[in-house]
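Step one of this worksheet: look at the structure below.
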Amino acid sequence: MSSPPILGLVLTGGRSSRMNRDKATLAYEGRNQLDRTMDLLEPFCSKRFVSVRPDQTTDPLRARYAQITDRDPGLGPLAGILAAQAEVPTAAWLVVACDLPRLDVVTLSQLVTQRDTRRLATAFRSSRDGLPEPLCALYEPASAPVLANYAASGGRCPRKFLLKNDVALFDLAHRNALDNVNSGAEYWQTMDQLAPENAQQRRDVRVQYFAILREQSGLREEQLHTSARTPAALYDELRIRHGFTLDRASLRVAVNDEFGSWEQPLLAGDSVVFIPPVAGG
């Protein structure tokens, strides 16, 4: 009897609240994470899909691929797995998060080769705490009703689901293959390790000035070629250049028309606005 076919699912529906950037768009070695992860899955899956929230379906990056939309976005990554299983319940789903820049073919090959179709899922043990890694795992068709019941009873954590059920667990051949990246500091640390030549490059950004910052700089906006890695570092650089009197605590920062974090990664082509306090009563 043949094993159920394997379909691939790349989870991209997270809010990236700590990163303050869409993780799917982040590049480490010249390619964004979504494209890279989809290519990694290709040798192992008959079809591949991107897991998206309802508000992400028209995103140009995600729209290039077949999508499965979360039916209950409030469930986090569990929503993506449940939606995929509901879409094709007869398939095994190779589920991978999009924020694993060290994921490689060797690791995915190990997972598929060690697949145990008699269990509900096949997964790796974390190299850090020994717990199951649910976001690079292979979920068999038999797991679909069990996972749905788990969610219906209030379960939200796919790791706890794996802990409570009959799954096959293996140690990683490459210890750091499933290290994820959740913050700006972790992004640049990873860049320094994986692609130091890209991390050290200067990048072109556009800065707009308003109120007292416009008065003190004498500019409405300017294009900069900078080595600053974060909005915080960029403002410190500009404060020296233009003699700004406001400190960062007095300002808000917006990147690409969205309020952001002072520590989020600053990337080539970004548009940055430092927003002074509003005068008046």
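How many of the residues making up the stretch 49-58 are more than 14 Å from the chain's Cα centre (by Cα) and either buried (at least 20 other Cβ atoms within 10 Å of the Cβ) or under 17 Å from residue 36 (Cβ atoms) (or both)?
As a first pass, look at the stretch 49-58 and keep what is more than 14 Å from the chain's Cα centre (by Cα): 49, 54-55, 57-58.
Now narrow it down to the ones that are either buried (at least 20 other Cβ atoms within 10 Å of the Cβ) or under 17 Å from residue 36 (Cβ atoms) (or both): 49.
Going through the stretch 49-58 one residue at a time, the tally reaches 1.
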Open item on the list: Given the options 195, 211, name the one that is buried (at least 16 other Cβ atoms within 10 Å of the Cβ) and among the hydrophobic types (A, V, I, L, M, F, W, C).
Closed with: 195
Open item on the list: Among the residues that make up the stretch 143-152, is at least one of them within 25 Å of the chain's Cα centre (by Cα) and surrounded by fewer than 20 Cβ atoms within 10 Å (Cβ to Cβ)?
Closed with: yes
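With the requirement that a residue be without any contact (Cβ under 8 Å) to a residue 24 or more places away in the chain, part of a helix (DSSP H, G or I) and not aliphatic (A, V, I, L, M), what does the stretch 225-240 give you? Walk me through it before giving the result.
Here is the first cut: in the stretch 225-240, the ones without any contact (Cβ under 8 Å) to a residue 24 or more places away in the chain are 225, 236-237, 239-240.
Those still in the list that are part of a helix (DSSP H, G or I) too: 236-237, 239-240.
Within the stretch 225-240, 236, 237, 239 meet the criteria.
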- [ ] Would you be able to tell me the number of residues in the stretch 1-18 that are buried (at least 22 other Cβ atoms within 10 Å of the Cβ) and either out of contact with any Phe, Trp or Tyr (no Cβ under 6 Å at 6 or more places or on another chain) or aromatic (Phe, Trp, Tyr) (or both)?
- [x] 5
- [ ] Collect the residues in the stretch 41-54 that are in contact with a Leu (Cβ under 6 Å, 6 or more places away or on another chain) and either part of a loop (DSSP other than H, G, I, E, B) or not aromatic (Phe, Trp, Tyr) (or both), keeping them in residue-number order.
- [x] 45, 47, 48, 51
TODO: For residues that are part of a loop (DSSP other than H, G, I, E, B) and touching a residue at least 40 places away in the same chain (Cβ under 8 Å), scanning just the stretch 113-137, find the one that is nearest to the chain's Cα centre (by Cα).
DONE: 126
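None of the figures in this text is laboratory data; all of them are computed from the coordinates on show. Note that the coordinates shown come from a computational prediction; the quantities given were computed from them, not determined experimentally. Positions of Cβ are backbone-derived with ideal geometry, glycine not excepted, and every protein chain shown enters the neighbour counts.
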